[in-house]
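Engineer: Just passing along the structure, written as structure tokens.
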Amino acid sequence: MKKIFTLLLLVLCCTTFAAAQKINGKVYLSDGQGGKEPGAYANVWWMEGKSSVETDEDGNFTLKSLKGDNITLIAAYVGYKQDTVKIIENGTVLLAAEEVVFTLEPESELDGITVTGRQQSNFLSKRTAFKAEVITAAGLCKMACCSLAESFESSASVSVGYSDAVTGAKQIKLLGLSGSYTQMLDETRPVMRGLASPFGLTYVPGQWLESIQIAKGPSSVVNGLEAITGQINVEHRKPTTETPLFVNLFLNNNLRAEANVASSLQLNDKWSTVIMGHVSKDNEVHDGNGDNFRDDPLARQLNLDNRWLYFNPNGTQVRFGFKVMDDVRVGGHKDYEEGMRDEWGLDKLIQSGIWGNEIHNSGASGFFKLGIPLNEDQTRNIAVVADYSYYDMESIYGQKDFGGYQNMGFFNAMYHQDINEQHKFTLGLSGRLDDVRSRYKDAAGNGTIMDFNVDDKVMGAYGEYTYTLDEKISLVAGLRADYSSMFGWQAAPRASLKYSFSDQTILRLTGGRGFRTPHVITDNLGVLSHGGSLKIADNLPAEDAWTFGGNFTQYFKIGDRESNYFSFDYFRTTFNHKVVYDWDLSAKDNIVEIYDFADATLGNNQAYTDTYQFDLSVEPIERFTAIATFRYSNAKISMKDKGLVDAPMTSKYKAVLNLQYALPMNKWTFDFTAQLNGPCTLPDIMGGGESDIYPMLFAQVTKKLNFVDVYVGVENITGYTQDNPIINAANPYSKDFNASMVWGPLMGRMFYVGMRYTLWK
């Protein structure tokens with residue numbers, strides 16, 4: 001009996017220890033090469049209970065212990081493998097120390113690049129051979145980040161603007177060039193091409209994402225030839241993320257409402273899934289400038305996405321998923337309503353002076369990924385990626401109609417081998433199918449009808465070699481050759497070099513060639529909201545360009561904080577072929593001429609862009625960060641009857657200052673962003689000269705309440721908007737009506753409120 005009593009007393013003491021004590025700990029993030037740094041804002045929770053905390057900026061946490069015979073502590077961080085520590089097992093205290101230390105290893109993704117670094121809002125990856133700016137989940141929460149198009153407000157590398165004044169479509173620019181020259185990737189799969197490109201950015205909710213990776217220059221050959229100015233890769237919430245439920249709700253003063261939901265479920269030790277949903281609606285008429293046209297269209301959108309992961313302990317991974325979307329937009333005159341043209345007839349609308357714009361987009365897509373290690377140490381692997389998407393567009397622009405459908409498929413099979421720690425290579429075969437059927441109709445005049453069909457079948461092969469030496473040198477060199485049924489053979493060499501003078505001083509050089517298929521209408525949707533007509537050159541070639549550049553980054557300490565850095569980069573893109581949208585050549589006849597710049601004059605035709613950028617990121621005091629960026633672009637192009645001129649509608653510079661201060665444990669977070677947007681050269685139809693220089697100010701305050709973050713903010717604090725963004729709005733059916741000449745903001749000051757709820761497992 002005495003022994004039994006003693007045993008019971010021991011168990012009781014162990015349980016009491018667990019109940020009475022607090023567990024202190026620290027989370028580190030490994031770089032996979034022997035180094036590590038504090039895991040700021042990592043999540044730590046009990047497997048057996050609901051209690052959870054977030055680490056501070058130094059990776060420290062304190063968590064009250066639980067009662068029980070089996071107690072396990074879990075730590076997780078975006079982009080890293082989850083780790084567990086047994087505190088009590090079968091009533092026995094395994095860890096009596098007051099401090100628990102986690103070291104989380106990077107996830108081994110079959111996709112390629114793994115996001116690393118502290119959970120700052122924006123940072124530069126140290127590991128990549130090319131310059132890669134990463135916008136983290138924390139950065140996506142800084143503002144009312146409702147879609148991917150609204151996720152770049154704190155980045156000077158990427159500029160975002162409206163494609164026109166009626167559709168609400170957003171377009172990006174990188175290295176001073178249209179987003180059509182930037183390859184968009186969804187976890188390394190090419191997306192947002194063809195008909196899907198004008199509105200694709202608005203179909204990716206920002207709160208679905210874990211990170212955005214911006215790589216300047218041609219980057220890797222693995223994903224195809226279409227990266228000319230760079231690649232933007234988005235990483236979605238993963239099936240392995242321990243968040244059974246995430247909800248984001250948003251409402252602004254214009255009554256735009258939005259909801260995002262994500263649920264990650266671990267079904268067993270091998271299978272997991274994540275389900276994501278998005279719904280938004282805007283039913284209010286906004287006409288801040290009084291031109292009788294809506295500043296933003298009425299809109300409703302629905303997105304559903306389901307992704308699965310199978311993980312076998314032997315290293316085999318299977319990932320697949322499905323996505324569907326439906327989007328309706330009604331813009332134009334504020335008195336225009338959905339279906340009015342069908343109900344009234346075009347003649348009655350013309351007589352009434354009511355100009356309408358309707359867009360209905362729908363689509364479905366699916367993907368499959370397979371990664372198989374060929375040996376135990378996983379130094380030899382094969383991977384297969386397959387993707388298919390269907391997209392349908394129907395739209396009206398006053399007297400014009402544009403619509404069609406597309407089927408796009410992508411296949412990539414690769415073999416990767418680590419010969420040793422220094423030498424690695426990847427070999428692959430890929431295929432692409434672009435089947436686009438679209439039609440343009442103009443009821444004015446003789447009723448012009450033009451078909452824009454793309455039937456391109458592409459097969460390609462590539463090889464890429466990586467050399468690494470003692471973390472000082474990293475070289476990536478690749479070559480791919482593709483055969484296109486439309487354009488014949490296309491070959492693209494690419495190379496990137498990183499040299500580390502020290503862990504704090506890094507130099508990068510990159511260069512290579514890129515090609516893309518032009519999609520005349522969807523590359524510049526603004527031509528549809530123009531009262532005139534189109535004149536398109538025959539047999540436009542594939543757009544073809546070389547991009548070379550470099551980056552220098554210097555990291556430095558302020559106190560014990562080592563993440564401060566200064567960075568400078570320069571890139572030059574030189575085109576062999578580039579499509580020009582010339583609004584002035586036949587302006588007297590209200591014709592937009594579309595041609596290859598190489599046919600512009602009889603002389604030495606040129607098209608190039610030089611881009612310079614300076615970045616400074618500092619943390620002068622604990623929990624206060626400041627990021628300042630300045631970008632300057634010099635874009636030139638040869639145009640008929642003009643010769644070499646400044647590329648129209650291209651901003652010359654942009655400056656961004658982002659400030660953030662957070663109280664301990666992020667109980668309160670304060671964000672402020674200021675932009676100064678430089679002028680752009682205006683076409684002659686707008687009077688020539690340059691646009692205004694204008695500021696944009698954003699502010700947000702976030703309060704953390706256990707599992708709920710409540711945020712309030714304001715965008716465009718100054719209320720600046722472009723004057724008269726629609727030319728001749730009073731006569732929308734005249735030939736000189738034009739809603740495409742947009743260089744500035746269309747919406748004034750906007751207040752918003754929202755909440756984010758996260759349930760940790």
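Engineer: Being free of Cβ contacts under 8 Å to residues at least 24 places away in the same chain and in the same structural domain as PHE614 (by TED's automatic domain parsing) narrows it down to one residue among SER502, SER484; which is it?
Structural biologist: Matching residue, one of SER502, SER484: SER502.
Engineer: So, in segment 452-471, exactly how many residues are of a type in the set (Asp, Glu) and more than 18 Å from ALA492 (Cβ to Cβ)?
Structural biologist: 3
Engineer: Looking for something part of a strand (DSSP E or B), charged (D, E, K, R), out of contact with any Pro (no Cβ under 6 Å at 6 or more places or on another chain) and touching a residue at least 60 places away in the same chain (Cβ under 8 Å) - is there at least one such residue anywhere in segment 631-648?
Structural biologist: Scanning segment 631-648 turns up at least one residue that is part of a strand (DSSP E or B), charged (D, E, K, R), out of contact with any Pro (no Cβ under 6 Å at 6 or more places or on another chain) and touching a residue at least 60 places away in the same chain (Cβ under 8 Å).
Engineer: Could you tell me how many of the residues in segment 545-576 are touching a helix residue (DSSP H, G or I) at 6+ places or on another chain (Cβ under 8 Å) and surrounded by fewer than 18 Cβ atoms within 10 Å (Cβ to Cβ)?
Structural biologist: Final tally of qualifying residues: 1.
Engineer: Could you tell me whether ILE473 is of a type in the set (Val, Ile, Thr), in contact with a strand residue (DSSP E or B) (Cβ under 8 Å, 6 or more places away or on another chain) and loosely packed, with under 14 Cβ neighbours inside 10 Å?
Structural biologist: no
Engineer: Can GLU187 be described as touching a Ser or Thr at 6+ places or on another chain (Cβ under 9 Å), farther than 30 Å from ASP291 by Cα and surrounded by fewer than 24 Cβ atoms within 10 Å (Cβ to Cβ)?
Structural biologist: no
Engineer: Continuing with this model, one more query. Out of segment 311-351, which residues are within 21 Å of VAL385 (Cβ to Cβ) and more than 26 Å from the chain's Cα centre (by Cα)?
Structural biologist: PHE311, ASN312, ASN314, GLY315, THR316
Engineer: Another one. Any idea how many residues of segment 553-576 are within 18 Å of GLY511 (Cα to Cα) and more than 24 Å from the chain's Cα centre (by Cα)?
Structural biologist: Selection size over segment 553-576: 3.
Engineer: Take THR609 and decide whether it is at pLDDT 95 or above and of a type in the set (S, T, N, Q).
Structural biologist: yes
Engineer: How many residues does segment 426-465 contain that are among the acidic types (Asp, Glu) and either closer than 15 Å to MET414 by Cα or over 30 Å from the mean Cα position of the chain (by Cα) (or both)?
Structural biologist: So the answer is 3.
Engineer: Can you say whether GLY356 is touching a residue at least 60 places away in the same chain (Cβ under 8 Å) and not aromatic (Phe, Trp, Tyr), as far as the supplied structure shows?
Structural biologist: In short, no.
Engineer: Under 6 Å between Cβ atoms, which residue pairs at least 6 apart in sequence (or on different chains) link something in segment 292-308 that is at positive phi and in the same structural domain as ILE359 (by TED's automatic domain parsing) with a partner that is not aromatic (Phe, Trp, Tyr) and not in a strand (DSSP E or B)?
Structural biologist: ASN292/LYS334
Engineer: Looking only at segment 176-192, how many residues end up being touching a helix residue (DSSP H, G or I) at 6+ places or on another chain (Cβ under 8 Å), in contact (Cβ under 8 Å) with a residue 40 or more places away in the chain and of a type outside the set (Val, Ile, Thr)?
Structural biologist: The qualifying residues number 3.
Engineer: Another one. Assess whether PHE250 counts as being closer than 24 Å to ALA42 by Cβ, assigned by TED's automatic domain parsing to the domain that holds TYR570 and in contact (Cβ under 8 Å) with a residue 60 or more places away in the chain.
Structural biologist: Judged against the criteria, PHE250 is not a match.
Engineer: I would also like to ask the following. Could you please find all residues in segment 363-382 being polar (S, T, N, Q) and under 19 Å from PHE320 (Cα atoms)?
Structural biologist: SER365, ASN381
Engineer: Now a separate question. If the requirement is being out of contact with any helix residue (DSSP H, G or I) (no Cβ under 6 Å at 6 or more places or on another chain), at positive phi and in the same structural domain as ASN731 (by TED's automatic domain parsing), which of these qualifies: GLY315, GLY288, GLY331?
Structural biologist: GLY315
Engineer: Which residue out of GLY531, GLY526 is crowded, with 20+ Cβ neighbours inside 10 Å, at pLDDT below 95 and farther than 25 Å from LEU177 by Cα?
Structural biologist: After ruling out the rest, the residue left standing is GLY531.
Engineer: Now, a different point. Return the only residue of THR547, THR510, THR574, THR522 being β-branched (Val, Ile, Thr) and within 30 Å of ARG439 (Cβ to Cβ).
Structural biologist: Unique residue meeting the criteria: THR522.
Engineer: Please verify whether segment 29-36 includes one or more residues that are at pLDDT 70 or above, part of a loop (DSSP other than H, G, I, E, B) and in the same structural domain as ILE74 (by TED's automatic domain parsing).
Structural biologist: No: segment 29-36 contains no residue that is at pLDDT 70 or above, part of a loop (DSSP other than H, G, I, E, B) and in the same structural domain as ILE74 (by TED's automatic domain parsing).
Engineer: Any residue at all in segment 98-107 that's in contact with a strand residue (DSSP E or B) (Cβ under 6 Å, 6 or more places away or on another chain), farther than 29 Å from GLY277 by Cβ and at pLDDT below 60?
Structural biologist: yes
Engineer: Which residue, of VAL618, VAL592, is in contact with a helix residue (DSSP H, G or I) (Cβ under 7 Å, 6 or more places away or on another chain), buried (at least 16 other Cβ atoms within 10 Å of the Cβ), part of a strand (DSSP E or B) and not assigned by TED's automatic domain parsing to the domain that holds ASN60?
Structural biologist: Unique residue meeting the criteria: VAL592.
Engineer: Something else now. Are any residues in segment 597-614 within 14 Å of ALA545 (Cβ to Cβ) and either within 29 Å of the chain's Cα centre (by Cα) or surrounded by fewer than 18 Cβ atoms within 10 Å (Cβ to Cβ) (or both), and if so, which ones?
Structural biologist: Listed by number, the residues that qualify are ALA598, GLN606, ALA607, TYR608, THR609, ASP610, THR611.
The values are calculated or read from the model by the stated rules, or taken from the named source; none is laboratory data. The structure presented is a predicted model; accordingly, all values stated were derived computationally and were not measured. Don't worry about glycine lacking a Cβ; one is built from the backbone with ideal geometry, like all the others, and counts go over all protein chains shown.
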